[in-house]
1. Please report the spacing between the Cα centers of region 249-268 and region 125-197 in Å, no decimals.
2. Taking the Cα atoms of the chain, report the difference between the largest and smallest coordinate on each principal axis, in whole Å and largest first.
3. Output the relative contact order of the chain, whole-number percent, from Cα pairs under 8 angstrom with separation of 6+ residues.
4. Along each of its three principal axes, how wide is the spread of alpha-carbon positions in region 172-228, in whole angstrom units, largest first?
5. Could you report the chain's accessible area per residue, 1.4 Å probe, as an integer in Å²?
6. Run the accessible area of region 316-380 with a 1.4 Å probe and give the carbon-and-sulfur part as a rounded percent.
7. Under the Kirkwood approximation applied to all pairs of distinct alpha-carbon atoms, what is the hydrodynamic radius of region 16-110 in Å?
8. For region 175-287, take N as its residue count and report Rg(C-alpha) divided by 2.2 N^0.38 Å.
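The values are calculated or read from the model by the stated rules, or taken from the named source; none is laboratory data. No experiment lies behind these values; they were computed from the predicted model shown. Ideal geometry is used to build each Cβ from the backbone, glycine not excepted, and the neighbour counts take in all protein chains shown. What goes into the accessible areas is simple: the full protein's heavy atoms, side chains included, and nothing from ligands, DNA or RNA. Shrake-Rupley method; radii C 1.70, N 1.55, O 1.52, S 1.80 Å.
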Amino acid sequence: MNFSEVFKQSNQLCKVSPDGKYLATCVQYRLVVRDVETLQILQLYTCLDQISHMDWSSDSLFILCAMYKRGLVQVWSLEQPDWHCKIDEGSIGLVSSRWSPDGRHILNTTEFHLRVTVWSLCTKAVSYIKYPKACQKGIDFSRDGCYMALAERRDCKDFVSVFVCDDWHLLRHFETETQDLAGLEWSPNGCVLAVWDSCLEYKVLLYSLDGRLLSTYSAYEWSLGVKSVTWSPSSQFLAIGSYDEKVRILNHITWKKITQFEHPATINNTKAVVYKEVVKRPAVCSDDLSLHNITIGNTLFNTQSKYEICPTPVQLPVVKPDPDRANPKIGVSTLAFSSDSRYLATKNDNMASVVWVWDVQKMSLVAVLEQTTAVRCFQWDPRRPRLALCTGNTKLYLWSPAGCVSVQVPTEGGFQVQSLNWHCSGDSLILLGKEQLCLCYMDNDQEDK
């Protein structure tokens with residue numbers, strides 16, 4: 001495993017192009033495009049204000065930079081650096097901007113969710129879509145890029161509109177059986193649309209492409225309900241995380257629950273491996289306490305850590321949520337399937353320092369990773385069953401069926417990893433700090449042998 005030098009970034013705005021060749025980073029009002037292999041700067045663009053959001057087009061030829069405070073979007077071309085496009089939403093404002101799947105249209109959501117404006121880069125044509133709903137996930141495109149589902153709110157009722165992305169004509173428009181629709185998501189194969197209600201009512205609805213209600217799932221009533229929803233890459237399973245600290249898995253044939261994964265405070269499962277992070281502080285000699293060593297911020301005071309396997313039963317640290325505060329820190333907020341749909345990683349918010357890994361094939365718990373501090377982010381390798389996670393310290397953690405490892409990020413000044421993203425090849429990881437980033441290169445040849 002090797003690490004690059006550290007580069008500047010702002011607001012965690014750093015993305016690899018879909019073709020995997022380029023790395024785009026934002027530094028305040030500047031957009032920097034580098035070659036992923038050499039990290040040499042290829043293009044440098046200057047925007048009109050500090051960048052709030054940045055995104056690549058699907059073909060990796062254009063980059064969108066949104067400046068929400070000014071209601072502006074600027075688009076830059078990689079092939080023609082002199083070409084640029086500016087979209088000004090004016091006084092109606094801007095809260096969100098994104099590419100359509102074809103990479104030639106931009107969808108802007110205005111303030112107060114009054115409308116979605118569709119701008120064409122090719123013809124300069126403008127289309128308007130009314131009544132978009134302000135919710136957790138109100139727009140989703142099918143994986144093949146053919147259809148867009150949009151959550152709408154009109155006359156105090158929830159609706160879903162399905163548009164054809166080629167010419168933005170309305171394919172289907174139907175009312176949903178929700179009190180307060182919170183989100184929607186296409187299955188990876190584009191056949192089914194999952195729609196879920198707000199946390200006040202446990203309800204998940206499954207619709208076909210033509211708007212037929214295929215199934216309704218509700219696990220319980222009169223308590224806080226759905227907190228997170230995700231599809232398996234194979235489209236065979238729908239995982240639902242809820243406030244009762246359980247994950248329920250629905251199958252794609254009958255849409256019935258096939259199993260549920262619980263997150264108990266005490267682990268008695270003898271087949272699961274419990275990895276506990278153990279911290280060891282290095283001994284410091286008086287010779288090391290020179291002013292030079294302290295001021296350059298080297299690894300002098302960095303703690304070293306490793307994983308120890310704990311015999312069951314194991315008691316996990318639990319934080320009791322405050323019942324008087326909104327959005328209580330309880331329940332399963334994060335779900336992620338591995339790329340082969342074999343494993344599911346989960347995080348239960350009142351056990352913030354613990355990540356659970358489940359074997360979906362065997363419907364059982366495989367591993368539990370207990371960290372010393374709260375887990376900030378975890379993500380699966382897009383090519384193999386390997387999970388990377390970070391906790392806001394100077395370390396990177398990796399789990400695979402073979403075991404678990406804690407790696408110190410060897411950079412000057414104590415680089416603290418706030419979030420991370422895999423390169424699409426699975427050969428490298430982008431590690432993001434508060435104002436910096438670095439790349440971690442994996443030795444996959446060694447691991448695959």
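1. Cα centroid to Cα centroid, the span is 28 Å.
2. The Cα atoms of the chain stretch 70, 56, 49 Å along the principal axes, largest first.
3. Details: 1093 pairs, mean separation 43.7, N = 449.
With pairs under 8 Å counted, the relative contact order is 10 percent.
4. 32, 22, 16
5. Working: 21420 Å² over 449 residues.
On a per-residue basis, the chain sits at 48 Å².
6. On the way: 1390 of 2850 Å².
Its accessible area is 49 percent carbon and sulfur atoms.
7. Details: mean 1/r = 0.0746 Å⁻¹.
Here the Kirkwood hydrodynamic radius works out to 13.4 Å.
8. Details: Rg = 19.6 Å, N = 113, 2.2 N^0.38 = 13.3 Å.
Rounded to two decimals, the normalised Rg is 1.48.
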